[in-house]
Amino acid sequence: MDAPVQSVVEGRFISTRRGEVFVSEHTFPPAYRHGLTPLRTSVPLLTMGQWAHDTQLAELPIETLAFLDTETSGLSGGTGTYAFLVGVGRFIGDSFHLTQFFMRDPSEEPALLEGLMDFLAPCSGLVTFNGKAFDAPLLVTRYLLHSIPVPFKEFSHLDLLPLARRLWRDRLPSRALKYLEENILIAPRSIQEVPGYEIPYLYFDYLRTGNASPLKGVFYHNAMDVVALAALMNHIAAVLHEPLNGKVEHGLDFIALAKLFEDLNRWEEAARLYERGLESGLNETDFGSALQRLSSLQRRRGDIESAVILWKDAAAKGYIYAHVELAKYYEHHQRDYSEALKWTERAEQLVSLQDIPRFEYRHWMEELEHRRIRLEEKGNK
């Protein structure tokens, strides 16, 4: 039995230059929270722009950002794949307005693309999740096939997936948007949710039968993806703006932030974040890695005294690299060859006692033997 989309999903038909397209619209008021997080960010996107190498991003008003997600006929991309449902949201005033463009038949694709173009007209930036690799190239292909100008060609584009990987790859087993929604935003989805891999098949069934009933879950899935994008950007923006303000609780998250700030050459902030992470109960492996990165950072910052304190702390815990760094310090900074030789010999003993891979054993012993011979020669002069 036919069940047209307008009988399943609340919406209306709008006219475009290329025909009619069905749209479903929702407004989320300022008080709405997605899990624990409001949708609208109140902090500048300075660090996000710096990370994305896009200075314009930090200057864009929040009202000019479009949050976009597509549901497609397949995941392979190319000219045979089209976006049958495009969800896009933007802030109008303090409220978040979400519009979903749906094509009842592939012949309506030009109308969908035109409707999306009109929605994006006031915008200057695009926010997606894996959109640089998938959603944006797919839509560009569809626009070009229909000889319609690409509306977001000159937009700044913030793809949150690479940033999410930087922040949570060491702590969370998945960085999928739904997983982050549940575990970072604390916003589980309702029973309306359908798995993403089922969505192309549900659409093809709709094209074959005319029954849109199973697509209700697809509209819900797409809407929640778009809303989650806004909330996730807000959460990340707040964390990057003030990483020590209490929003971060896990030690590995502090370390991930420290690495990111270190890569941005914001070394003072990175050092504070490493220190906070080291105070947060890391396991032995993560603690040792973070301690090594912090000591190396302090050396690059010119704070050699802090680096020496860290190396001695790490050496007391049995880390080989710390012994080597102390040997270098006493040889090159203090010209104390006797003390440098002592740390080198301790490192040799440590290597011989540890159960480490053969290649690593050989690497350390060759380096340490070379260093010991040089220091013995210097000490005899």
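The values are calculated or read from the model by the stated rules, or taken from the named source; none is laboratory data. None of the values given here were measured: they were computed from a predicted structure. Cβ placement follows ideal geometry from the backbone for every residue including glycine, while neighbour counts extend to all protein chains displayed.
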Of all residues being outside any helix (DSSP H, G or I) and among the aliphatic types (A, V, I, L, M) in segment 45-68, which is nearest to the chain's Cα centre (by Cα)? Just the residue, please. A52
The one condition Y82 fails out of (1) in contact with a Cys (Cβ under 7 Å, 6 or more places away or on another chain); (2) under 13 Å from V140 (Cα atoms) is (1)
Before we move on, is S280 under 30 Å from A316 (Cβ atoms), outside any helix (DSSP H, G or I) and under 24 Å from the mean Cα position of the chain (by Cα)? yes
Within segment 344-372, residues hydrophobic (A, V, I, L, M, F, W, C) and surrounded by 11 or more Cβ atoms within 10 Å (Cβ to Cβ) come out as A347, L350, V351, I356, W364, M365, L368
Exactly one of these conditions fails for N245: (1) polar (S, T, N, Q); (2) in contact (Cβ under 8 Å) with a residue 12 or more places away in the chain; (3) within 23 Å of E279 (Cα to Cα). Give me its number. (2)
Yes/no for L297 being without any contact (Cβ under 8 Å) to a residue 40 or more places away in the chain and touching a Gly at 6+ places or on another chain (Cβ under 9 Å): no
So how many residues does segment 290-343 have that are under 25 Å from E366 (Cα atoms), surrounded by fewer than 19 Cβ atoms within 10 Å (Cβ to Cβ) and either of a type in the set (S, T, N, Q) or touching a Pro at 6+ places or on another chain (Cβ under 6 Å) (or both)? 4
Looking at segment 245-258, is at least one residue over 22 Å from E181 (Cα atoms) and either buried (at least 21 other Cβ atoms within 10 Å of the Cβ) or at pLDDT below 95 (or both)? yes
Can you find a residue in segment 57-68 that is surrounded by fewer than 20 Cβ atoms within 10 Å (Cβ to Cβ), within 14 Å of H157 (Cα to Cα) and touching a Leu at 6+ places or on another chain (Cβ under 8 Å)? yes
So how many residues does segment 112-134 have that are over 25 Å from the mean Cα position of the chain (by Cα) and either surrounded by fewer than 23 Cβ atoms within 10 Å (Cβ to Cβ) or of a type outside the set (A, V, I, L, M) (or both)? 7
I'd like to verify a number: residues in segment 212-221 that are in a helix (DSSP H, G or I) and either β-branched (V, I, T) or surrounded by 22 or more Cβ atoms within 10 Å (Cβ to Cβ) (or both), how many? 4
Only one of A187, A164 is surrounded by 14 or more Cβ atoms within 10 Å (Cβ to Cβ) and under 16 Å from H221 (Cα atoms), namely A187
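Conditions (1) among the charged types (D, E, K, R); (2) touching a helix residue (DSSP H, G or I) at 6+ places or on another chain (Cβ under 7 Å); (3) free of Cβ contacts under 8 Å to residues at least 40 places away in the same chain, marked per residue:
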{"site": "A307", "(1), (2), (3)": "no, yes, yes"}
{"site": "A315", "(1), (2), (3)": "no, yes, yes"}
{"site": "I320", "(1), (2), (3)": "no, yes, no"}
{"site": "H323", "(1), (2), (3)": "no, yes, yes"}
{"site": "K328", "(1), (2), (3)": "yes, no, yes"}
Given (1) over 43 Å from the mean Cα position of the chain (by Cα); (2) outside any helix (DSSP H, G or I); (3) of a type in the set (D, E), E377 misses just (2)
Mind listing whichever residues of segment 322-370 are within 21 Å of L294 (Cα to Cα) and among the acidic types (D, E)? E325
Considering each residue of segment 1-59, count those that are among the hydroxyl-bearing types (S, T, Y) and touching a His at 6+ places or on another chain (Cβ under 8 Å), and give that number. 3
